[in-house]
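Visitor: Can you read through this structure? Questions will come right after.
We did not get these values from a lab; they are worked out from the coordinates using the rules stated. A quick note: this is a predicted structure, and the numbers were derived from the prediction, not measured. All Cβ positions, even for glycine, are placed from backbone atoms using ideal geometry, and neighbour counts span all protein chains on display.
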Amino acid sequence: MDFSLSSDQELIRSTARKFIENECPREIVRELNRSEKGYDPEIWRKMAELGWMGLALPEEYGGVEGGMIDLALVMEEMGRGLLPGPFFPTVAACSFPILAFGTAEQKERYLPPIAGGEALWSLAVTEESGSNEASGIRMQAKAEGDVYILDGIKLFVPYANMADSLLVAARTSEGLNPREGITVFVVDPRSPGIEIDLLLTTAGDKQCEIRFSRVSVPKANLLGEADRGWPVLELIQQRTALLKSAEMLGGVQAVLEMTTEYSKQRIQFGAAIGSFQAVQHNLVDLFNEVQGLRYLVYEAAWRIDAGLSELSAFPLISMAKAKANQVYQRTCVDCMKLHGAIGFTEELDIGLYHLRTRANLALGGDTRFHLDRIAESWS
Amino acid sequence: MEFRFSEQEERFREEIRDFVKAELPPDWALGMFEEGDSDEEWAFIMSISKKLSQKGWLTMTWPREYGGQGASGWKALVYAEEGGYWGIPGTGMGVSGVSWVGPSLILFGTEEQRRKYMPLIAAGEPDGVWCTGYSEPNAGSDFANLRTQAIRQGDEYVINGQKIWTSAAHQARWCWLAVRTDPKSRSKHEGISIIIVDMKSPGVTVRPIRNYIGNHHFNEVFFDEVRVPVQNLVGEENRGWYQLMRSLGYERGGVAARSYGHNKRVLEELIRYADGQGLTARSEIRQELADVAIDIEVQRLLAYETIWKMSQGKAPTFEPSRDKVLNDEILKRLSTVGMDILGPFSQLRRSGRALKWFRDLGGVCSLYWNLIGMSSAAGTEFTQKNIIGQFGLGLPRSY
Ligand SMILES: Cc1cc2nc3c(=O)[nH]c(=O)nc-3n(C[C@H](O)[C@H](O)[C@H](O)COP(=O)(O)OP(=O)(O)OC[C@H]3O[C@@H](n4cnc5c(N)ncnc54)[C@H](O)[C@@H]3O)c2cc1C
């Protein structure tokens, strides 16, 4: 047993923290939230130079061949610094399924541009039901000669407005089990028949509606096998859940630190509010929760790096995400309240974290979804 | 990072499981309190202590010269985890001897004290059973407020006063007693000393207190002109409080791992039973179980982290308090969902005519009724949070 980070990992963490603090202070975060693109291509280019997009990809595809812990550490710092951008959809959601299920040709073609920061990707799974379950995927893809014809609507597709490619899950056949008959496609968002609209989110992060009307996708663009898309989505689910949890961990850690600091400074009734037991115990509850979340995330990432079976990592990932969802929401709300009225203002950074709560909960799976996955692992 | 035990540690785990199969009845039920309510129960518990001692497990982290094996904290953690999972009784020798008397004597005791008391504990002998006398009627959470006095007269201390809630006092040969040796000290934290008292001394009276379940676990202990040789003073006179503060963290280090093992067992039994009854199909039960399963894994990780910090030579400060708060929270949720799963069967006792209907599920009933006491024992939730606030978050004292 060893709970320490390696010196390389310490370096990754401190580099990421410094980089994000320097390149993307909160004024920039606010600006980017208001902008159309939602990210800064210049920062993105520098991130690619640091090797972040290919951190956990093999060298042959331009990656650094680090581990999931390394990537989790970077995501943690992104959560801490609220760095906006398409890193999550591109790297966390799309690069791993391409690596695991892509043909040699697909990997050759798609991965190096991801690692190099030249290609932005996004994931289009969620539909009108808003559900993460297989039954939520209703979009039709019909085989016609060499192509599939896609019809339907995808929602909450992060940064689809900027994406060069999409992974799209659609239904190619109907069975009794909703997990059968799903197929994952690589789709060019500039294909005829596709319309993309930015959804206006409270947080200002970029999420889109994509309408597909008789969109033709070559059969060569299948990722994995036809009708057998569920395992692809499972992998996506697990990577996104884990890495989103890491990002959320960084966020709650920052919120807790800010609030603890504030509770030492703010004087009422002649004493620091942090000396009032109700305030102090509330902070202690959050502090305990954050520590627990931290190790769930790290151990889940470690299990993947250690090459233990996906099966052994999966309940832990679900635990991490369910915990992250609960802790993130609670920490943000409690800490805003612990600030009093100033916590409710635009001026303070703390609200920026809470605005992200709902997106964080949805991406990578909500709490009830993951609690059910944990229960599934018992049988 | 590495979240894996060594092969050696895993082999040791197997050895413990073999021991359990060989030595415990197949229907052995877990019980958090080693109360040994009847004489037969207590005799059985002590017989297991003896066997654990023969295995060298009872006090494995102690140095060899005092009856230990110089084992690593990790090995002890595996033992605590399995001990909790299988409910191995007799691991504490009362509650105090193994957990804190030995380690404190190593930190503060004289060589003579170590050689006299530690091997008795390590041998799993009735003369190695200890109780701890901290709390008094007016010194609970504020235990530095204690009044029991020890006045030095020649080569002896003369002790007068009263302790309360003293677990296992009726079974103990020795008491690890906190007393006031300087009644005129400037602050209540000064002037406290730790003295070892032979429970067979004239003037010691133990009066049982039954808890609300009807069990005899703790006692009142009265000291009336009890004479104790000055050699029984542990560490420095009047510095007892500061000694306790230093050793406290170490003492509590292993508790979390044992609790984790136990909780894991209860959870597994609940899942199995609920599945058999078709209850996991009910989403509120399934989700509540999954939710508490998360915190049980968190408990495992945090228990390991505490041991890891100690293995790095860092003295734990707030961590044992954190681990205790978490355990209390888990017990509350685990036992509540467990009792809901048991439905009306949750009312039954483990004895009498209805025994055939009693369903134990890893001792969940015992947990449910006992957790209220367990959360007060060794410091309440609020006082633990005070400690975490001060030492984990660096906040000012809140009370
Ligand atoms: C099963 C069991 C076994 C025990 N075994 C032993 C033993 O072997 N030896 C021994 O010495 N003692 C033992 N105790 C006693 C135990 O240590 C005390 O119960 C504990 O320290 C609390 O003290 P109290 O019961 O006097 O409660 P009090 O201190 O009177 O507390 C009452 C309530 O006030 C709250 N409170 C008190 N102070 C604060 C504060 N500063 N901030 C916020 N809230 C506060 C507490 O949280 C609690 O809810 C045992 C207790 C139990 C239940």
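Visitor: Among A:Lys323/B:Lys324; B:Lys188/B:Lys332; B:Lys51/B:Lys332, which pairs are too far apart, with a Cα-Cα distance over 28 Å?
Guide: Cα-Cα > 28 Å for B:Lys188/B:Lys332; B:Lys51/B:Lys332; rest within.
Visitor: Within 10 Å of each Cβ of B:2-8, how many other protein chain Cβ atoms are there on average?
Guide: Values: counts 7, 13, 7, 1, 1, 0, 0.
Mean inter-chain Cβ contacts per residue within 10 Å come to 4.
Visitor: Given contacts defined as C-alpha pairs under 8 Å and at least six residues apart, what's the relative contact order of chain A, whole-number percent?
Guide: Numbers: 683 pairs, mean separation 57.3, N = 379.
After rounding, I find 15 percent.
Visitor: Summing +1 for each Lys or Arg and -1 for each Asp or Glu, what net charge is found among the other residues whose Cβ lies under 13 Å from the Cβ of A:Lys244?
Guide: Counting the neighbours of A:Lys244, the net charge comes to +1.
Visitor: In straight Cα distance, which lysines are under 30 Å from A:Lys37, not counting same-chain residues fewer than 8 positions off?
Guide: A:Lys18, A:Lys46, A:Lys107, A:Lys154, A:Lys206, A:Lys244, A:Lys321
Visitor: Would you please classify the overall shape of chain B from the alpha carbon gyration tensor, given that a ≥ b ≥ c denote the square roots of the eigenvalues, rounded means a/c under 1.5, and beyond that prolate means a/b larger than b/c while oblate covers the rest? If you can, show how the numbers build up before the last one.
Guide: Numbers: a/c = 1.56, a/b = 1.53, b/c = 1.02.
Here chain B falls in the prolate category.
Visitor: Still on this structure, please answer the following. If I take R0 = 60 Å and measure r between the Cβ atoms of B:Arg147 and A:Leu200 in this structure, what FRET efficiency does the formula 1/(1 + (r/R0)^6) give, to the nearest 0.05?
Guide: Efficiency, from the Cβ-Cβ distance: 0.35.
Visitor: For helix B:240-252, what angle does its Cα long axis make with the longest principal axis of chain B, in degrees from 0 to 90 and rounded to 10?
Guide: 20 degrees
Visitor: Shifting gears a bit: Can you give the average number of partner chain beta-carbon atoms within 10 Å of each beta-carbon in peptide A:361-373, as a whole number?
Guide: Average per residue, whole number: 2.
Visitor: What is the fewest-to-most order of B:Ser375, B:Ser99, A:Ser377 by other Cβ atoms lying within 10 Å of their Cβ?
Guide: The order, fewest Cβ neighbours first, is A:Ser377, B:Ser375, B:Ser99.
Visitor: What's the FRET efficiency of B:Gln54 with A:Asp2 using the Cβ-Cβ distance as r and R₀ = 56 Å, to the nearest 0.05?
Guide: 0.95
Visitor: If the only charges are +1 at each Lys and Arg Cβ and -1 at each Asp and Glu Cβ, what is the size of the charge dipole of the stretch A:15-116 around the Cα centre, to the nearest 20 debye? Before the final figure, lay out each step's value.
Guide: Values: 11 positive and 16 negative charges, 65 e Å.
Rounded to the nearest 20 debye, it is 300 debye.
Visitor: In the stretch B:192-274, which trypsin sites (Lys or Arg not before Pro) are in a loop and have at most 13 other Cβ atoms within 10 Å, using DSSP for the loop call?
Guide: In loop regions of the stretch B:192-274 (DSSP not H, G, I, E or B), the sparsely surrounded trypsin sites (Lys or Arg not before Pro) are B:Lys200.
Visitor: Okay, moving on. Can you show me the helix-derived [θ] at 222 nm for chain A, built from DSSP H runs with n ≥ 4 at -39,500 (n - 2.57) apiece and divided by the number of residues, rounded to the nearest 500.
Guide: Mean residue ellipticity, 222 nm, calculated: -16000 deg cm²/dmol.
Visitor: Another question about this same structure. What dipole magnitude, in Debye to the nearest 20, does the stretch B:254-392 give about its Cα centre under +1 on Lys/Arg Cβ and -1 on Asp/Glu Cβ?
Guide: On the way: 19 positive and 16 negative charges, 98 e Å.
Charge dipole of the stretch B:254-392: 480 debye, to the nearest 20.
Visitor: Below 8 Å between Cα atoms, with a sequence gap of 6+, how large is the relative contact order for the stretch A:122-227 in percent?
Guide: Across the stretch A:122-227, relative contact order equals 31 percent.
Visitor: Additional query: Given springs between every Cα pair under 10 Å in a Gaussian network model of chain A, which of A:Ala56, A:Ala278, A:Ala16 has the largest fluctuation?
Guide: In the Gaussian network model the winner is A:Ala278.
Visitor: Using a Gaussian network model on chain B with a 10 Å cutoff between Cα atoms, which of B:Lys21, B:Lys385, B:Lys51 fluctuates the most?
Guide: Highest fluctuation of the listed residues: B:Lys21.
Visitor: Cut-off 10 angstrom, C-alpha nodes, Gaussian network model of chain B. Which of B:Tyr260, B:Tyr117, B:Tyr79 fluctuates the most?
Guide: For chain B, modelled as a Gaussian network with Cα springs under 10 Å, the answer is B:Tyr117.
Visitor: Would you mind counting up the charge near A:Trp52? Only other residues with Cβ under 14 Å from its Cβ, with Lys and Arg at +1 and Asp and Glu at -1. Each step should come with its number before you reach the end.
Guide: Values: positive: A:Arg13, A:Arg17, A:Lys18, A:Arg45, A:Lys46; negative: A:Glu23, A:Glu49, A:Glu65, A:Asp70, A:Glu76, A:Glu77, A:Glu118, A:Glu247.
It works out to a net charge of -3.
Visitor: Could you derive backbone 3J(HN,Hα) for the stretch B:18-25 from the dihedral phi with the Karplus parameters 6.51, -1.76 and 1.60 (θ = phi - 60°), listing whole Hz in sequence and x where the residue is Gly or Pro?
Guide: 4, 4, 4, 4, 6, 9, 9, x
Visitor: Using Cβ contacts closer than 10 Å as the measure, can you line up A:Ser309, A:Ser122, A:Ser6 from fewest to most?
Guide: Ascending number of Cβ neighbours within 10 Å: A:Ser309, A:Ser6, A:Ser122.
Visitor: Which is farthest toward the positive dipole end of the stretch A:7-119 among A:Leu111, A:Trp44, A:Ala100, measuring Cα position about the Cα centre, with Cβ charges +1 (Lys, Arg) and -1 (Asp, Glu)?
Guide: A:Trp44
Visitor: Could you list the GluC sites (Glu not before Pro) in the stretch B:35-135 that lie in coil according to DSSP, counting only those with at most 14 other Cβ atoms within 10 Å of their Cβ?
Guide: For GluC sites (Glu not before Pro) across the stretch B:35-135 that sit outside H, G, I, E and B with at most 14 neighbouring Cβ atoms in 10 Å, the list is empty.
Visitor: Please sort by residue number the GluC sites (Glu not before Pro) in the stretch A:169-271 whose DSSP state is loop and whose Cβ has at most 16 other Cβ atoms within 10 Å.
Guide: A:Glu174, A:Glu180, A:Glu225
Visitor: About the Cα centre of the protein assembly as shown, how large is the charge dipole given +1 on each Lys and Arg Cβ and -1 on each Asp and Glu Cβ? Please answer in debye to the nearest 20. Walk me through the numbers before you get to the answer.
Guide: Numbers: 85 positive and 103 negative charges, 387 e Å.
Roughly 1860 debye for the protein assembly as shown.
Visitor: With 10 angstrom as the radius, rank A:Cys208, B:Cys175 by how many other C-beta atoms surround their C-beta, starting from the fewest.
Guide: So the ranking, lowest neighbour count to highest, is A:Cys208, B:Cys175.
Visitor: Of A:Gly181, A:Ala320, B:Gly124, which is farthest towards the positive pole of the protein assembly as shown's charge dipole, taken about the Cα centre with +1 and -1 on the beta-carbons of Lys, Arg and Asp, Glu respectively?
Guide: In the protein assembly as shown, that residue is B:Gly124.
Visitor: For A:Glu180, put the label point 7 Å out on the Cα→Cβ axis and report which residues of the stretch A:146-173 keep their amide N under 12 Å from it.
Guide: Those under the cut-off are A:173.
Visitor: I need the helices of chain A that pass two filters: whole DSSP H segments spanning 30 Å or more by Cα along the axis, and mean Kyte-Doolittle score no lower than -1.0.
Guide: A:230-265, A:277-305, A:310-338
Visitor: State, as an integer percentage, the relative contact order of the stretch A:231-378 based on alpha-carbon contacts under 8 Å between residues 6 or more apart.
Guide: So the answer I get is 33 percent.
Visitor: Only helical DSSP H runs with n ≥ 4 go in: add -39500 (n - 2.57) per run for chain B, normalise by residue count and round the 222 nm mean residue ellipticity to 500 deg cm²/dmol.
Guide: Calculated at 222 nm, the ellipticity per residue is -14500 deg cm²/dmol.
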